[in-house]
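Asks: Got a structure for you, written out below as structure tokens; questions coming shortly.
The values are calculated or read from the model by the stated rules, or taken from the named source; none is laboratory data. Since we're looking at a predicted model, the values are computed, not measured. Cβ sites come from the backbone with ideal geometry, for glycine too, and all protein chains shown count toward neighbours. Areas reflect the complete protein model, heavy atoms only, side chains present, ligands, DNA and RNA absent. Shrake-Rupley method; radii C 1.70, N 1.55, O 1.52, S 1.80 Å.
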Amino acid sequence: GCATTGTEKDYLRAQIARILHDTYVAPGGMFSFEEDSEEEPKPIVPTEEWEAPEPEEMAEPSAWVHFYSTILKVGRVSKPPKEEAEEEEEEEA
């Protein structure tokens, strides 16, 4: 087992997230990374002129790829908002 700082509910939610991210697949080439973005990890966006392959090609396991980005070491799929943005919001209030 693994020691957690949350409740069993939190642990189960984390396990569901891990399973979802490991098993969600999409046809290869249907999505790509947004190269112009400065965010890390790069956002995943639909490929503009993608066409579905023939059904025979889709039957091959190599035609499929994992869709979701990986879970970061901080337990999120995106980086937490920067503190500077939070400070600016507090100043405006």
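Asks: Anything in segment 17-33 that is open to solvent by 40 Å² or more (accessible area, probe 1.4 Å) and under 13 Å from the mean Cα position of the chain (by Cα)? List them, or say none.
Replies: 18, 19, 20, 22, 23, 24, 25, 31, 32, 33
Asks: I'm trying to understand the selection: among the residues of segment 24-44, which are under 19 Å from residue 76 (Cβ atoms) and among the β-branched types (Val, Ile, Thr)?
Replies: Narrowing segment 24-44 to residues under 19 Å from residue 76 (Cβ atoms): 24, 33-34, 37-44.
Of everything in segment 24-44, just one residue is under 19 Å from residue 76 (Cβ atoms) and among the β-branched types (Val, Ile, Thr), namely 44.
So that you can scan it fast, the table gives a plain yes or no per residue for (1) touching a strand residue (DSSP E or B) at 6+ places or on another chain (Cβ under 8 Å); (2) in contact (Cβ under 8 Å) with a residue 24 or more places away in the chain; (3) in a loop (DSSP other than H, G, I, E, B):
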| site | (1), (2), (3) |
| --- | --- |
| 14 | no, yes, no |
| 36 | no, no, yes |
| 48 | no, no, yes |
| 53 | yes, yes, yes |
